[in-house]
Each structure stands twice: as C-alpha cells, then as structure tokens.
Amino acid sequence: MTTCAINTAYKVTSGRSYPMGASLAKSGLGCNFALFSAHATKVELCLFSGDGKYELQRIELPEFTDDVWHGFVEGIAEGCLYGYRVHGPFEPHNGHRFNANKLLLDPYAKKLHGSFIRSDLNFSYDLKSTQKDLTVDNRDNSATMPKCVVVSPLLFSQTHPQVRRRDTILYELHVKGFTQQNPDVPIELRGTFAGLANKKVCQYLKSLGVTSIELLPVQQFINEDFVQDKGLTNYWGYNTISFFVPHAAYCHSGEVGEFRSMVETYHEAGIEVILDVVYNHTAEGDELGQTLSFKGIDNASYYRLHPADKRYYENFSGCGNTINVQHPRVIQLITDSLRYWVEIMGVDGFRFDLAPVLGRDAPDFKANNHFFTSIRQDPILSRVKLIAEPWDVGHGGYQLGRFPNSWLELNDRFRDSCRRFWRGEQGLVAEFAKRLHGSSDIFEQPSRRPSASVNFITSHDGFTLTDLVSFNNKQNKANGEQNHDGHNSNFSNNLGTEGPTDNCRISLLRRQQKRNLLTTLFIAQGTPMLLSGDELNNSQRGNNNAYCQDNEISWLDWQSPQAQQESDFVKKLIALRKAHPLLNRTHYQHGVKVSEHTGLADISWLNCHGKAMTKDNWHDQSIKCFAMMLANTERSSTPEHQQDDALQIIFNAHQRSINFLLPVLNGYWQVLIDTAVDNQEYSYADKKSPKNIRHPAITIAEHSCVVLRYLHSPKDK
C-alpha cells in the first residue's frame, strides 16, 4: 500500500453526497469524502502524516446536501490517513455534543491505522468538572486516536456456498479462543484470521460435519474502562466502534484482505461464515462515555435519547446507549455495513446481538418496522441468513417467535427445557416434547419453518457443556465482580460433587449426560447450534460469563482428556442428522399424514408401553420417560428416503432403567445411538450392528437416550 503524500495546495471541489465515506476516484486522481451530520455547522477533513503522529492539514468540506457534508479532494491516494473534526453546538440537554477539538472516526472507514490509547483526552467534556458532561474539554485528542485509512475497494466476493436453511448446522466460535492453543496453528498465527484459515483447522471443522461457523464479534471493538481498571480485557468483543473494519488484533498481516482470504478458505470447503454483529449500541457508552465517532458527528441522530432530557440515553442494550434505528441515515449505515460484509468480505449471514433493539419504534417492538422492511426488500440482505438474539434489556424485551418469518431466532426455551428435563425435573415431558418438535407453539406460521428455531444447549454466554454437568454454581470470581455477574438460573447439575472429580462413577455419568444433551440437540427439529469446544470436553472452570477472560479460561483446551472420544461422538450425531431426513424436516408435522407402507403417522409420541401418549400421560408430573416416533410418509426414489421407514428416539431421565415396549411391526429395529454406552463402538450406518432388535422391548438405562431405526424390509434380513 502506498503512503499518501501531503499536498498543501489540494484542489477541493464539491464532489458527491454518495457513497458515504472515503471513495477513491477510478482515475486514481483523488478521493471523495461524504459524512452525514444533520446538526453540524461545519465539517473539517483532517489529513495526517504516514505514521499518524502529525496533523498536516485541515480541509473544510465545501458542500452540504441532504444532511451530508461532502467534497472531492484531488491528489488524495490510497494509504492517506484522515479523520474528521465536526463543528456545532455543545448542548447536552438538547442532545448535541459537538466538540471540534476531538478527532473523530469516519463511520464508513474500512481500515484504521494505530491503536486506541486510553486517555482523558477522548472525552468531550471536562472529567474534573463537578458538572461532568455539561462542561466542554478544549484539548486536542488526535494523539490518542487511530486514524482512518483511505483504501482501494476490493472486488466483489463470488464464492458463497449457499447452504439451505434446513441443512444448516451452526458452530459458534471465537477467533482467538479457537486458535490460541490449537496445536495445528503456527504460534505466530494464533489468535488471528490467518490462523483460523489454517487448512488443518478448516479440515477439522469440515470433518466434524458443521456447515456454518458463527464468529463472535470481529468488527473493530475496544475495551471498556471498567474492564481495563480490573486488569482485564473485552474478550467477547460486544463493544463495536467501527462497523466496516475487521478487528485489528485479529489481522496478523495488518491487511483487511486477511479476513476475506479466511472466508474464501472456508467457502472452498463448503462451509459458510456467519458474523455475530452488534448494531444495538456502540462503544461510546452513556453521557459520561468517550467521544470517538458518532457522539461528536451527530449525537442527536445516531442515538436514542431520553425525551424528557436529551442529555441522557435510552439504554435498551444495558451498555449505556442505544443506536437510533428509527433514523433513515442510521438504517442506511447499518444496511450499507451489512452489504459490505456480504458483497466484499464474502460472509453468508449475521447473528444480531440484542436484536429487539433493531425493531423498537416508540418504544415497542414491531416486526414490520423500517429496519426489518429495509432488510426484507434488499436484493442482497434478503438472501443471507439472518439470526436474531430475540431479547434485550428494555421493557417488553423478550420477543422470541415474533421476528419476521425469514429470520431464525436463538431459542432459549429449547436450552432451558433440555437442561431441566435431563437433570431430572418433574413435569417437563410436555414442554420438552414441544422443543423436540421444533417449537411449533412459538414459531409455526403458514410461511415459517422449523428451521426458524435455532436450538442450542450452550453458547458463549453461559456454562460450557462440560461445566453444565460439573457445577451447580457459577465460579466467576476471576471477573472481579464478587461473583455477582453472569446467569444464576443455569439449570445445571454437578451430579454429586462441585467441579472436577476423580470419582469414576460421577465422571461416567457426566459423560453420559453430555451425550444425552448433544443427542437431543441433533435429533430435534430446528437448526442446531454447537458451542465450539463442547465436542472437546472443554471447560471454563465454572465461569459462566467469561466475557473478560482473554486467557486459558476461555481459550479452547485441545488436549483435554476424553476430547477425541467426545469429538467422535459429535461427528456421529451430525452424520446421523445428515443421513436421516426425518430428523430435519422442511415443514412441521402433526401426526396427520400416515404412511401407506408402515401405517405410522408422520410424528407420534409414545409412552413406555409403546402406546400413544394420553392426556393423562402428558399431565403426569412423575413421567420422565417417553418416545418420539418419526415416520416417512412420502414415496420417494431417492436413496436417503429409502434408508429407513421410521425413527424412534426414547428419552429416560429417571434414575432407574425402563423396560420400553416397541411397536410391533413387520420388520425390526436397529440401535443407532445409545447414550448409556460410554464408547459408541458401532456406527449408526452399520446394518450388521449387534443391536438389531426383533423382540418387542428394549431396556433403556437410567439417564439415557436411545435412537432406533425401523427397517421394514432390510436387505440383510
């Protein structure tokens, strides 16, 4: 990349108000700059030396069109460093926090040079004043701010795998946590996009069977002061400041193209890349937070302010501020950012943090508001995967099942029901069955599918799977908040002792419970999401809120005991799901269709006597054992539908074994998965398995799950 030479006599013309940001001319003879600010009185473009240390020139943008300040500067080339100083009123009670002494980041910057240096200079007000944010700080902060970089546009990405929604298997991972201790990644590449792009790493995920990796935030984020004060860092990354910039610490090469190269590596393997994005708040915090970009550009437009006193911010995010998605220019910023990551960086979808914020009007959530409508009609964004975290911390913030039909949603009801059922709570059978069915009670609409429910047992936010069966109580003291942070309702069960143990009985039972939970995840209707490391026996030492632990607590332990055995089991479960379409139906089934071949309904629920569950069964608080029967009611010549006529999954959360009667049919049953077996020695695809069952009953061990396939006319009979 070239370094821009500073010309003290730049020729400046009006330029264009679109596109936003810094856009190099195709001729290479200059650059157009455009910045939205409805309430500014003047905008200055500041040019810096190649090392970013010296401000060399200020150029007033000459034109103001439709609330956009713009100008074309001849002589600007790729590599030039710049920032903005925005003039206007400093009137916090009216929502205005302009302070031209503060250098500001371009919201549309594609690359940054230098680091964020923690300093009092980055506050637009005098921290020492008793009036706090009502008093202007007149000091220049350019020495503590990174600079924006003028870059040449990358070519459009053309390699999207386009995995069908119903076939999607999500794998949530952290770029650094996944690679930092991975023995296949060279030391110098650990913690970076280049490390994640390592061929062996990619091959591991492909062999596991996942179709889509979901990355925790990779847009440029910074540490919160209160986290740094404890000697910790923002590890998860939910504190974004630049929506177009890949996080610098993850770029080994220092070039933004490293991210796209990583994406292309996964696309070549047929794996999608989905980003966890944060458009509900920014890193600027509340009225006492820093001024880094949006606050100083147009605070009253970019943020939702309290109507009674615009000095204060509405805080539906719990992070100090809320982005004002009601404003058309803010919608434009977000959608432009999303399209950039799809078209230029090549990503295949997004998981939206605290997504109800995006649907809040004044102030209630609406699934047909301007933001969702903009996405729905967009020719690019309407075709990618859109996943909502369907809750925020504001009034009426829990919106599970209420997002537009084309969206997928994280289903915490699935998570909690599965945890509670398998730890042995009473009265959970009916609720558990609803979650196995794809949560039709929440999601089913004429044009909505079971895939809308993103089923998960664990995620980055909470216990890992190993910790879920090892700790009754969170162990978050390392976070420096006296163990007050993190969820208290974990529905976990240590099965006899808190934390790691040498007790063989407890260890065996813990592994069995993990197999129960994982099996439930992959046989349920919906879109499964696996937390990275759960297939490796990974533990966070009981920390269920490791957002600030950039260390061995959060980094995956690739050498964990039982890692290979547990990883093999997950591979078998994913392969099972892919091989059996009955576990992954396009539409909801309600027992209406009946197979002409077997006489079985498309879905049915059986008690331990092999009979249909009765109303009394469903309401019997003591029942903890039942079965889900899935039958093929379609005539098809495809091999996948000829593979089996029916599947039966039997769940037993009792502390005793159950003699479960099987329906009497013409063929026989074959055990595909038995979670009571510590080492699954046989493959689900092996028709010569020693566990072919012709007699009418099977013993289901305590705390176990068994998956069986019915073969009506098997070739090897």
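The values are calculated or read from the model by the stated rules, or taken from the named source; none is laboratory data. Keep in mind it's a predicted model, so treat the numbers as computed, not measured. Note: ideal-geometry Cβ built from the backbone for every residue, glycine included; neighbour counts use all protein chains shown. For accessibility, only protein heavy atoms count, side chains too; no ligands or nucleic acids. Shrake-Rupley method; radii C 1.70, N 1.55, O 1.52, S 1.80 Å.
Worth pointing out:
- Candidate lysines - alpha carbon under 21 Å from Lys578, same-chain residues fewer than 8 apart omitted: Lys206, Lys385, Lys514, Lys687, Lys688
- Evaluating kT/(6 pi eta Rh) at 20 °C and 1.002 mPa s, with the Kirkwood radius of the chain over Cα pairs in the Stokes-Einstein relation, gives 78 µm² s⁻¹.
- Cβ-derived FRET efficiency at R0 30 Å, Asp225 paired with Gln326, nearest 0.05: 0.55
- Backbone phi angles across region 698-710, fed through the Karplus curve with coefficients 6.51, -1.76 and 1.60 (θ = phi - 60°), yield HN-Hα couplings of 9, 8, 9, 5, 4, 6, 8, 9, 10, 10, 10, 10, 9 Hz in residue order; Gly and Pro are listed as x.
- Accessible area per residue, Å², the chain with all protein chains present, probe 1.4 Å: 39 Å²
- The order of Asp441, Asp348, Asp286 by accessible area, most exposed first and with a 1.4 Å probe, is Asp441, Asp286, Asp348.
- Applying D = kT/(6 pi eta Rh) to region 328-433, where Rh is the Kirkwood radius over alpha-carbon pairs, T corresponds to 37 °C and eta to 0.692 mPa s, the Stokes-Einstein value obtained is 214 µm²/s.
- Per the Debye formula on identical point scatterers at the alpha carbon atoms of region 156-286, with no solvent, log10 I(q)/I(0) at q = 0.09, 0.22 Å⁻¹ is -0.27, -1.38.
- Straight-line reach from Lys434: taking Cα to Cα under 19 Å and skipping same-chain neighbours fewer than 8 places apart, the aspartates and glutamates in range are Glu409, Asp412, Asp416, Glu425, Glu444, Asp602, Asp616, Asp620.
- Cα extents of region 419-551 along the three principal axes, largest first (Å): 48, 34, 27
- Prolate/oblate/rounded label for region 468-532 (Cα gyration tensor, a/c 1.5): oblate
- Largest to smallest in accessible area, the residues Glu60, Glu78 fall in the order Glu60, Glu78 (1.4 Å probe, all protein chains included).
- Packing around the peptides 544-550, 9-15, taken as the average count of other Cβ atoms within 10 Å per residue, puts them in this order, highest first: 544-550, 9-15.
- Region 261-303 - percent of accessible surface contributed by carbon and sulfur, probe 1.4 Å: 37 percent
- Three-way shape label, region 493-578, alpha-carbon gyration tensor, a/c 1.5: oblate
- With contacts taken as Cα pairs under 8 Å at a separation of at least 6 residues, the chain carries a relative contact order of 10 percent.
- Alpha-carbon gyration tensor eigenvalues x 5, square-rooted, for region 549-669, Å: 32, 23, 14
- Counting only heavy atoms of the protein chains and using a 1.4 Å probe, Arg190 has close to 70 Å² of accessible surface.
- Cross-link reach list, lysines versus Lys230, counting only Cα pairs under 16 Å and skipping chain neighbours closer than eight places: Lys477
- The largest accessible area among His174, His87 belongs to the first residue in His87, His174, and the rest follow in falling order (1.4 Å probe, all chains).
- Each Cα pair under 8 Å and six or more residues apart adds its separation to the average, and for region 56-129 the resulting relative contact order is 18 percent.
- Note: region 573-622, Cα convex hull, 140 Å³ per residue.
- Element breakdown for region 557-656 at a 1.4 angstrom probe: carbon and sulfur atoms account for 49% of the accessible area.
- Region 114-212, accessible surface, carbon-and-sulfur percent (1.4 angstrom probe): 53 percent
- The convex hull of the Cα atoms of region 394-488, projected and averaged over all directions, covers 7.9 nm².
- The spacing between region 513-554 and region 235-262, judged by their C-alpha centroids, is 25 Å.
- Positive-end residue of Gly438, His487, Gly401, charge dipole of region 382-493 with Cβ unit charges: Gly438
- In Hz, Karplus ³J(HN,Hα) per residue of region 325-331 (6.51, -1.76, 1.60; θ = phi - 60°; x = Gly, Pro): 6, 6, 7, x, 6, 6, 4
- Think of it as helices only: each DSSP H run of n ≥ 4 in the chain is worth -39500 (n - 2.57), and spread over all residues that comes to -5500 deg cm²/dmol at 222 nm.
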